[in-house]
Every structure is written in structure tokens, then in C-alpha cells.
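**Q** My questions will all concern the structure given below.
The values are calculated or read from the model by the stated rules, or taken from the named source; none is laboratory data. From a predicted model like this one, the values you see are computed outputs, not experimental measurements. Counting neighbours? That spans all protein chains shown, and the Cβs are built from the backbone with ideal geometry, glycine included.
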Amino acid sequence: MKHFTIPIFVPHLGCPRQCSFCNQKTITGVRSMTPPAASRQIEAHLATIPRDAHVEIAFFGGSFTAIPRAEMEALLQAAAPYVASGQVSSVRTSTRPDAIDGDVLELLSHYGVKTIELGIQSTSPQVLSACRRGHTTEDCYRAARLIVSRGFTLGGQMMIGLPSSSPADEVETARAIIAMGAKEARIYPVVVFADTPLAEDAAKGLYAPLTVAEAAERTVAPMEILLDAHVKLLRVGLCETESLHAPGQVVGGACHPAMGELCYSALYRKRMREAISRLALPKQSNLKISVAPGKLSMAIGQKRCNDTTIRKEYALESLKIVEDPALVGFELRVDLLSSEKGSS
Ligand code: SF4
């Protein structure tokens with residue numbers, strides 16, 4: 001059955017904080033959300049979705065459960081008729097860890113919320129403090145425990161390249177997300193938005209954002225940890241919204257229209273190197289690398305960067321990168337071809 005998500009962006013509504021990296025209006029491209037507007041969006045999406053599809057309404061952006069109770073309930077009520085009629089199977093929300101408690105979870109459950117994504121961002125106390133998150137590492141664990149124990153599906157959101165964050169912190173955060181019982185995750189390399197404390201710090205030289213290429217490389221380790229633990233990676237890199245690319249909105253960091261694809265390509269590059277290093281390759285070898293169906297463009301990389309890099313690094317005579325229906329996920333297989341000339 002095909003799955004569709006109807007995203008309802010709730011920017012900054014009720015969020016009591018100003019994390020140093022956050023400019024929700026720019027990220028979501030939306031400036032406000034009302035229950036009638038939410039209903040109109042749901043109707044508009046449903047009109048384009050096949051009747052037999054699995055449909056989910058997702059309240060994203062801001063901190064959904066930090067919205068004043070009446071406003072939050074009004075938005076949930078806007079979604080409720082579609083859940084009751086069976087047109088929509090479930091609802092998901094995203095929120096911050098210190099905006100979760102037993103009462104909120106009871107309300108969410110009442111309105112058909114099945115999945116809660118926690119904006120964890122980092123489990124390092126230093127990083128949380130440097131980002132002015134306003135909650136502790138223990139808040140993340142406490143919220144996750146409550147969510148899982150009440151039978152919700154937990155999603156964990158984390159960031160790459162935050163102030164004070166090291167690659168080791170990010171690996172630790174990915175491991176913590178698994179330990180918390182998350183079944184899903186999103187990884188966001190930092191994009192520096194205008195009019196944020198992070199942009200000010202970057203302008204003063206107090207924070208050095210990762211470049212697109214650095215962020216792609218650094219995202220690989222957390223991605224691998226999560227994928228190896230069978231945590232579903234729902235997204236890597238921010239959604240491309242119009243305002244993300246509007247002039248002056250982004251002042252640095254990992255802003256690229258295909259950031260996720262770049263990260264997956266970096267993952268393939270790493271796996272190709274590991275697999276080839278296990279072979280005793282004669283000089284001028286002809287290699288075939290097979291990947292799962294649908295993964296060819298990520299494996300080859302943008303502008304054929306993986307193809308070019310691997311050929312050069314291993315002084316290959318030829319390299320074919322092909323799909324193999326026997327492979328799944330991000331598996332790959334390297335075969336040494338005899339004297340045949342390959343092409344890719
Ligand atoms: S808690 Fe979320 S919405 Fe609020 S400022 Fe931080 S990142 Fe933005």
C-alpha cells in the first residue's frame with residue numbers, strides 16, 4: 001500500500017525558545033497556521049491521494065506540544081474528522097523533549113497521534129548548552145522513555161555540525177537515539193539561517209559552519225549507525241522549501257538542494273573503499289560494483305564523483321556501477337572482472 005504524509009507546518013507557534021540555529025519561518029516557509037488553514041491543506045492533499053493509500057497527517061515545525069493547550073487541541077481537532085472517517089490512518093507530531101509529559105501524551109493519543117518525533121539534536125550537554133536549547137540531556141531520555149512506554153512510535157531528530165559538537169558527539173547521539181528506542185530518525189546537517197544567533201556567531205568568527213562537503217562526510221557515521229540498527233532514516237538534510245533558497249535567507253552551512261543525496265553518496269563512497277580494500281587488487285583492475293535497485297544515482301554520485309574518485313584512488317582500468325535486484329538497502333558487492341573492459 002502506498003504511503004502519503006500530509007505535512008502541516010506549525011512554525012514557532014508556542015515555542016518558548018530561541019535555539020541558536022533556528023529560524024522556523026525560513027525553514028518551513030510558513031509564517032502561521034490556524035485550524036481552518038490546516039483543514040484546507042488536508043482537504044487539498046486528500047483530493048490528490050488515492051483512496052486506498054495509507055495516509056498520515058504530520059504536524060511539523062515549531063514545538064507542537066509547547067503550543068498552548070487550547071490551540072494545540074484545536075489543530076488536533078482539525079485533523080480528527082479525517083482520522084475518524086478512515087481517510088487518514090494516523091497523526092504524527094514533532095516537538096522538543098521538555099514539552100512532553102503524561103498529560104500531553106494522553107491528549108495526543110486521544111486524537112490519533114501514533115508517532116512522536118523528538119528534536120534531540122545532540123545528547124552532549126555542552127552542545128545543548130552552546131545551542132541554547134534550554135533542556136538537558138536527561139530531558140531527552142525522560143521524554144523518550146515516556147513516549148515509548150505509552151506505546152507511541154518514537155522518532156529521533158539530530159543535527160550535524162552544531163556549535164561545540166564533534167564527530168564523536170554525533171556518533172554518541174546516534175547511539176543514544178537507538179538506545180532510547182527510536183524506530184525512525186532524521187539527520188540535519190546545520191544550515192546557518194539569517195537573523196539567528198548562530199548567524200551572528202558565524203559573522204563574529206565564533207562559530208565555523210561545516211561546508212556542504214564536510215557535512216556530507218561527517219553525516220556518514222551517524223547514518224551508518226542508525227541504518228545498521230534498522231532505524232528508518234526518514235530524511236537526511238532539510239526539506240527544500242522555496243524560502244530556503246530565497247536570497248539572503250541562508251548565510252552558511254550545509255545548504256544544498258540535494259544534501260541528503262550527497263550524504264548517501266558519501267556513505268556509498270566509504271562502503272566502496274572498505275569493500276575494495278578487502279580485495280587484493282592487481283594493478284589496472286576492472287571492477288564491477290553492484291548496488292540495490294533505485295540506489296544507482298547515489299552510488300555513482302553527483303557529477304559521477306564516486307565513480308571518478310574510486311577509479312583514481314585504486315588506479316582502475318575500468319569501473320562499472322550497476323544495480324542488482326538481489327541486493328537491498330545500502331548493500332553493495334564488488335566483483336573483480338577478468339580482462340573485460342568495463343564502462344559505467
Ligand atoms: S525548540 Fe525547535 S522550534 Fe523552538 S527554537 Fe528550538 S529548534 Fe526552533
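**Q** Consider only pairs whose beta carbons are under 7 Å apart and that are at least six residues apart or on different chains; among these, list those whose first residue lies in segment 277-293 and is exposed (fewer than 15 other Cβ atoms within 10 Å of the Cβ) and whose second residue is assigned to a strand (DSSP E or B).
**A** Correct list of pairs: 279/334; 279/336; 293/323.
**Q** Shifting gears a bit: Name, by its number, the condition in (1) surrounded by 19 or more Cβ atoms within 10 Å (Cβ to Cβ); (2) of a type in the set (Gly, Ala, Ser); (3) closer than 17 Å to residue 150 by Cβ; (4) more than 16 Å from the ligand (Cβ to nearest atom) that does not hold for residue 94.
**A** Unmet condition: (4).
**Q** Looking only at segment 133-145, decide whether some residue is surrounded by 15 or more Cβ atoms within 10 Å (Cβ to Cβ), away from the ligand (no atom under 16 Å from the Cβ), of a type in the set (Ser, Thr, Tyr) and closer than 26 Å to residue 66 by Cβ.
**A** yes
**Q** Only one of these is under 26 Å from residue 3 (Cβ atoms), surrounded by fewer than 18 Cβ atoms within 10 Å (Cβ to Cβ) and among the hydrophobic types (A, V, I, L, M, F, W, C): 49, 57, 120, 116. Name it.
**A** On the way: 57 fails: surrounded by fewer than 18 Cβ atoms within 10 Å (Cβ to Cβ); 120 fails: surrounded by fewer than 18 Cβ atoms within 10 Å (Cβ to Cβ); 116 fails: surrounded by fewer than 18 Cβ atoms within 10 Å (Cβ to Cβ).
Matching residue, one of 49, 57, 120, 116: 49.
**Q** Further question: Exactly one of these conditions fails for residue 202: (1) assigned to a helix (DSSP H, G or I); (2) under 20 Å from the mean Cα position of the chain (by Cα). Give me its number.
**A** Every listed condition holds for residue 202 apart from (2).
**Q** Anything in segment 68-120 that is under 30 Å from residue 21 (Cα atoms) and of a type in the set (Asp, Glu)? List them, or say none.
**A** Of everything in segment 68-120, those that are under 30 Å from residue 21 (Cα atoms) and of a type in the set (Asp, Glu) turn out to be 71, 73, 98, 101, 103, 117.
**Q** Of the conditions (1) part of a helix (DSSP H, G or I); (2) more than 15 Å from the ligand (Cβ to nearest atom); (3) modelled with pLDDT under 95, residue 7 clears all except one; give me its number.
**A** (1)
**Q** Also, quick follow-up: Name the single residue, out of those in segment 68-100 being under 23 Å from the mean Cα position of the chain (by Cα) and among the hydrophobic types (A, V, I, L, M, F, W, C), that is modelled with the lowest pLDDT.
**A** So in segment 68-100, the residues under 23 Å from the mean Cα position of the chain (by Cα) come out as 89-100.
Adding the requirement that they be among the hydrophobic types (A, V, I, L, M, F, W, C) leaves 91, 99-100.
On the way: 91: 97, 99: 94, 100: 97.
Per the stated criteria, the residue is 99.
**Q** Spot the failing condition for residue 99; the list is (1) surrounded by fewer than 19 Cβ atoms within 10 Å (Cβ to Cβ); (2) within 16 Å of the ligand (Cβ to nearest atom), and only one is missed.
**A** The failed condition is (1).
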